[in-house]
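First comes the structure, then the notes that go with it.
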Amino acid sequence: MTTLSTHVLDAVTGTPAAGVGLVLTGPGGDVLARGRTDGDGRAGLGADLGAGPHRLAFATGEWFAAAGRETFHPEVVVAFTVTADGPAHLHVPLLLSPFAYSTYRGS
C-alpha cells in the first residue's frame, strides 16, 4: 500500500498555504480522505492507496476567497497513478498563485 502527503505554498507571498481544503478520490471515484493543510501548508491524508488512478483536489477558489483574493482556478485537481511496484509513499507538492500553479511528484 502507498500513503500520500502534500505541501501547498503560496508563490506570491512566499508562505505556506494554510487551510486549503483537500479531497482524495480513488480508482472508482470513491472519496478516500478529506482534510485541510495545516499551518505549514502540509497535510498527510491518512489513506492507504491501492494501485490505479487517483485524484487529489485542492479547494483553491475557497482558499483565495477567504483571503479576499481573486483567482482563475476555483479548484486544482492533480490526477496521478499509483502502481503496485511503486514507492511506499507519494508526496504531491503544489506551488500556487492566483493565475497559475505547478506540481510534481515529490519525495
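Data for the structure
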read-out	value
Hits in region 80-101 - residues which are of a type outside the set (A, V, I, L, M) and free of Cβ contacts under 8 Å to residues at least 60 places away in the same chain	F80, T81, T83, D85, F99, Y101
Single match in G19, G39, G52 (criterion: on the phi < 0 side of the Ramachandran plot and in contact with a Gly (Cβ under 9 Å, 6 or more places away or on another chain))	G39
Selected residue [among the small types (G, A, S) and farther than 21 Å from T2 by Cβ] from A66, A51, A57, A84	A66
Residue within region 2-14 that is at pLDDT below 95, among the hydroxyl-bearing types (S, T, Y) and under 19 Å from R105 (Cα atoms) present	yes
Positions within region 17-33 being within 19 Å of L96 (Cβ to Cβ) and in contact with a strand residue (DSSP E or B) (Cβ under 6 Å, 6 or more places away or on another chain), in sequence order	A17, G19, V20, G21, L22, V23, L24
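The values are calculated or read from the model by the stated rules, or taken from the named source; none is laboratory data. Everything numeric in this text was worked out from a predicted model, so none of it was measured. No Cβ is skipped: glycine too gets one built from the backbone with ideal geometry, and neighbour counts run over all protein chains shown.
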